Amino acid sequence: MRKRRFIRLALALTLALLTVASALPPALAAPDLDKKDCSITLDLKGMEGGTVALYKVAGVKQEDANYIYDVSKGDFPDSDTAKRIPGMSESELDKQNPTLSAILVKEADTKKLSPRTASINGGKAAFKDLSVGLYLLYQTTASKDGKKLTPFLLSVPQRDPKTGAEIYAVSAAPKSGITTPPPSVTPSHTPTPTHTPWPTYTPHYPIVTYTPGKSYVYLPQTGQLWWPVPVLAALGVVLVISGLLLRRRGD
């Protein structure tokens, strides 16, 4: 009776381990840090003309089982703002994206850094032959209708949440703001000087889409603790074999 109970317990444990393993999300693939043919395509519907600038803020490096941003491989190696990014969590960087982007744009203008540029044609702007890392995108000249892209940070590659596969051809559909100066009026007399603020636009974080109805943003992730799954599964198999051997000896 004890042997039968042992065998039943071992079978139940193995079945439970297999059930848990099948319910886990797909394992995350390690990014190819040496890949040099990545790309970013911006889908800017309703926008025509204008120029988009791109800076590399950081590369990606591996530390033990972790992948983190490396600002030494970007255009802002001495920037205190850029140096804050590797220590941020995904949610923190997501929240601070508009603020960090605006500051980095000012730093790039002050230091007169030379960005890569792409013209907006047919509502598209594309950058090719990129390496893995975090990029800053902003529009240097407005489109013909006055629309202007809000600066934002975008990581390459992006990760498919269903398969865990890395996507190196990134397609983004960011929201844009409209900047138009107030109309000029010729007064009949000299008015008292007043300050008329320009219309402001609240920045929105870009939505990166790959499948209809789905949106997600990838940031370097920490190592995944997958090693317990095969160990536990192997333990269950050992228990089953041990139970069968004990049964044969008893017979």
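Backbone geometry of region 122-132 corresponds, through the Karplus equation with coefficients 6.51, -1.76 and 1.60 at θ = phi - 60°, to 3J(HN,Hα) couplings of x, x, 10, 9, 10, 10, 10, 6, 9, 9, 5 Hz, x marking Gly and Pro. Rg and Dmax, both from the Cα atoms of region 112-164 and both in Å, are 13.6, 41. Here's how it looks for LEU130: its modeled amide H is under 5 Å from those of CYS38, SER39, which are all 5 or more places away or on a different chain.
Computed from backbone phi with θ = phi - 60° and the Karplus coefficients 6.51, -1.76 and 1.60, the 3J(HN,Hα) list for region 64-72 is 6, 9, 10, 10, 10, 6, 10, 6, 5 Hz; x is used for glycine and proline.
In the structure shown, the pairs LYS73/LYS112; LYS35/LYS73; LYS83/LYS147 are assessed against 20 Å; a Cα-Cα span above that value is assigned to LYS83/LYS147. If R0 is 22 Å, the Cβ-Cβ spacing of ASN66 and SER39 corresponds to a FRET efficiency of close to 0.30.
Near ASP70, the amide H atoms lying under 5 Å from its own belong to GLY59, VAL60, LYS61; only residues 5 or more places off or on other chains count, and H is placed 1.01 Å from N. In terms of packing, defined here as the mean over residues of other Cβ atoms within 10 angstrom, the peptides 127-139, 37-49 line up highest first as 127-139, 37-49.
Taking amide H as placed 1.01 Å from N in the peptide plane, ASP43 has its amide H under 5 Å from the amide H of ALA172, ALA173, each at least 5 places away in sequence or on another chain.
Every read-out reported here was derived from the displayed coordinates using simple, explicitly stated rules and does not represent laboratory data. Values in this document were obtained by computation on a predicted structure and should not be read as measured data. For neighbour counting, all protein chains shown are included, and Cβ atoms are generated from backbone atoms with ideal geometry for every residue, glycine included.
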